[in-house]
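Undergrad: Below is one structure. I have some questions about it.
The values are calculated or read from the model by the stated rules, or taken from the named source; none is laboratory data. On a predicted model such as this, the values are computed, not experimentally measured, just so you know. Backbone-built Cβ (ideal geometry, glycine too); neighbour counts: all protein chains shown.
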Amino acid sequence: MSLALLAAEGRYAAPIMLVPVAILGIAGAWRALTPGMTGWDFTGDAILDSVRGSGPAAAGLTAWLTIASERSGLGRLERLGRRSAAAGPLIRLGVAASAALAGYTLTAGAIAAWTGAQGPITGSFPPQELAAGAAALLAHVALGFLVAMLWCARCYPVRPGQPFPAVGAAVAAAAVPAAAATASWALAAWSGTGRGSGASLPSMLWSPDVHHSPFTDWRSGLFVAALTWFCGLAAAAIVAAGLILTRRHRYAIGLAAASIVAVVGLGQLRADTGHPITPVTASVVCRSWPLEVCVYPAFASALPRLESAFTAVAAQVSGTPAAVRSIVQLPPGDNASQWPGGYGFHLDDLGPGYELRAESDLVRQVTGALNRANRSRASPDQTHLNRTPLGTATLRREPVTADIGAATIGSPPSRRPVTHGGADLPAILAIR
Amino acid sequence: MGESLEHDASAHSPTVTKPGRAAILASGLGLCHRGKWPLRSVTFSVDTSAGAVGIAGAHGSGKTALFALLGGFAPPARGELWVLGKDMRTYRGRDTIRRRVGLIPPPGRPLGFTVLELVTHAAWLLGLPVSHRRASVAGALQRLQLANWVSASINAAPDDVALRAWLAACTVHEPDLILVDGLLDGIAEDDALAMAGCLRSLAVSTALLVAGRDAARLARCCARVFTLTDGIADGG
């Protein structure tokens, strides 16, 4: 190992790689964080998604640094030595990859620290997801290195007299996993595989784009498959670059082996991204007083505010056929049949105003229950009265305008808007 | 001295006898690369112990190809070549010469390196044993008068210092034959003068061949300058 090369690269190339990767990674991960969700699994998703921004940047920087080294004459010097012509470039690649991984580690550390500062955190840190992200970043770095080597091989004939077809063979062999990936991407895009799920095949092939739901878990093996694919891709790119540099046949064997690993990973990935998620196995978290409210574990921190919001609604319909006894959070698309006094609500994240959204969902159901009860009791004439707007507005504690009141209870129009805080709901309900 | 460089008009290469240890002898030498013949037919003999030899030629005339053959980095596609007593048609001959030759490519300024790091990295690339590496690096820096510039960045150093550092890096293993390719091309006149002085001092103790585009610049450091045109040596 050339310590002089390590020192020079560490001083020059490492900061150029580390700083942008860390900044872009943190920005990308921050953007990918699910609003209000502080579970470790969401943190893992965000860190993995950070590679979407930092990966292409790392590839570009690696290619630029490699070409700059070649153009500075270092490549010529290295090819004339007694060492393998690939030794120097691979050391430089190692420094670049280490710097990129350091940037990734900084990203993961920053996001994890932010998550940890939010209070009690559900779930466990997902090491497979983190490893898949690191491997994806390495694959980007390796592909950038390969592109640079191809460019340099075009610019600088390595050794006069050597057969050029070796470069062509390297390119062809490296193209195998890339072609397979592209074909799978096209097939998936055409057939719609992976759409609407947490991780689609096209997005997993190059830059991971995963969307974790609080109601689902990742299928075990998904990230192992991604790890296999990215490791195989990175190894194929590195070995192909070595083949270009040295024209030695042993690199061709390594390239074939790496391509097989990549194709195996690709096959696993294609199978796993068809159904990447499984229903979450964790039981719900409940709060029973003054009202029973149950949510998924990732929403546990929202229980006090949800309880408060739901209790206000429940107090208004207490003693009516629509009385609220318990409320359970439901996964998206699940409209479970209601039981007497039992309601469900949908909430996908804890972004600003989440308690109002949840309350609105409950109000809609309570209003429906009230209407059904009214229809079953009242005469056809009374049923014809449109009570829904007033009832809904009141339950939502929205300002009720005189027009709504007139249309609903037939009172004289009034220009003064009446603001309901929910306390006078019995008066409204008295029209039953 | 006995140098001669002549255009080999005939298609048949004359058989040459094994030359002396300080000689380079080529007969009908040709090199094929990527389907082209950058070196078509060169016949010459040089006694490298009699001072530096210059090879002038325009861009694409075959200078780099000739040095690739002389340095043992490629086998001749046709003809015969003997360097320092070794037959370059054999792998063993080329391997031996590769250890004894210092091929200096067109100069560069590696990014991020100091003068000391560049020479040390070159010593590692050239396979010098760890036990000798420090002494060899110190010797190369001393020979090229770089002792005061060891910690200077190559990028920030003056042009002549960067050129001498490049020269020191490529000769840190104290080769028996130095092949300088394009070192004097594209640099300022002052730097060319300074480098010519360096090359003259190197030629005192080591066989030296210098290739470049400008024959006048080569003449400043070489006892004899030959011309290479379109892969064919046609005068000297």
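Undergrad: Identify, please: which residue in the range B:115-130 is in a helix (DSSP H, G or I) and more than 7 Å from every other protein chain (Cβ to nearest Cβ) and is, among those, farthest from A:Glu9 (Cα to Cα)?
TA: Of everything passing the filter in the range B:115-130, B:Val130 is farthest from A:Glu9 (Cα to Cα).
Undergrad: Which of the numbered conditions does B:Gly182 fail, given that it passes all the others? Conditions: (1) of a type in the set (Gly, Ala, Ser); (2) facing chain A (nearest Cβ under 9 Å); (3) closer than 24 Å to B:Gly72 by Cα.
TA: (2)
Undergrad: So which of B:Arg92, B:Arg133 ends up being without any contact (Cβ under 8 Å) to a residue 60 or more places away in the chain, within 30 Å of B:Ser41 (Cβ to Cβ) and basic (Lys, Arg)?
TA: B:Arg92
Undergrad: Does A:Arg31 meet the test of being out of contact with any Ser or Thr (no Cβ under 6 Å at 6 or more places or on another chain), facing chain B (nearest Cβ under 9 Å) and more than 20 Å from A:Leu138 (Cα to Cα)?
TA: no
Undergrad: Please go through the range A:46-58 and pick out each residue that is assigned to a helix (DSSP H, G or I), surrounded by 24 or more Cβ atoms within 10 Å (Cβ to Cβ) and small (Gly, Ala, Ser).
TA: A:Ala46, A:Ser54, A:Gly55, A:Ala58
Undergrad: Take the residues of the range B:61-89 that are in contact (Cβ under 8 Å) with a residue 60 or more places away in the chain, in a loop (DSSP other than H, G, I, E, B) and over 17 Å from A:Leu80 (Cα atoms): which is farthest from the other protein chains (Cβ to nearest Cβ)?
TA: Checking each candidate, the answer is B:Gly85.
Undergrad: Being modelled with pLDDT under 85, farther than 23 Å from A:Leu24 by Cβ and surrounded by 22 or more Cβ atoms within 10 Å (Cβ to Cβ) narrows it down to one residue among A:Gly119, A:Gly123, A:Gly75, A:Gly88; which is it?
TA: Answer to the check: A:Gly75.
Undergrad: Among the numbered criteria (1) under 13 Å from A:Val284 (Cβ atoms); (2) part of a loop (DSSP other than H, G, I, E, B), which one does A:Pro321 miss?
TA: Going through (1) under 13 Å from A:Val284 (Cβ atoms); (2) part of a loop (DSSP other than H, G, I, E, B) one by one, A:Pro321 breaks only (1).
Undergrad: So B:Arg133 ticks every box in (1) surrounded by fewer than 20 Cβ atoms within 10 Å (Cβ to Cβ); (2) at the interface with chain A (Cβ under 9 Å from one of its Cβ atoms); (3) assigned to a helix (DSSP H, G or I) but one. Which box is left unticked?
TA: (2)
Undergrad: Next question, about the same structure. Of A:Thr115, A:Thr107, A:Thr43, which residue is part of a helix (DSSP H, G or I) and closer than 29 Å to B:Gly112 by Cβ?
TA: A:Thr107
Undergrad: If I filter the range B:98-114 down to residues being without any contact (Cβ under 8 Å) to a residue 60 or more places away in the chain and either assigned to a loop (DSSP other than H, G, I, E, B) or more than 11 Å from every other protein chain (Cβ to nearest Cβ) (or both), which single residue comes out as nearest to the chain's Cα centre (by Cα)?
TA: So, considering only residues that are without any contact (Cβ under 8 Å) to a residue 60 or more places away in the chain and either assigned to a loop (DSSP other than H, G, I, E, B) or more than 11 Å from every other protein chain (Cβ to nearest Cβ) (or both), the one nearest to the chain's Cα centre (by Cα) is B:Gly108.
Undergrad: Name the residue, out of B:Leu111, B:Leu141, B:Leu128, B:Leu69, that is out of contact with any helix residue (DSSP H, G or I) (no Cβ under 8 Å at 6 or more places or on another chain), of a type in the set (A, V, I, L, M) and crowded, with 17+ Cβ neighbours inside 10 Å.
TA: B:Leu69
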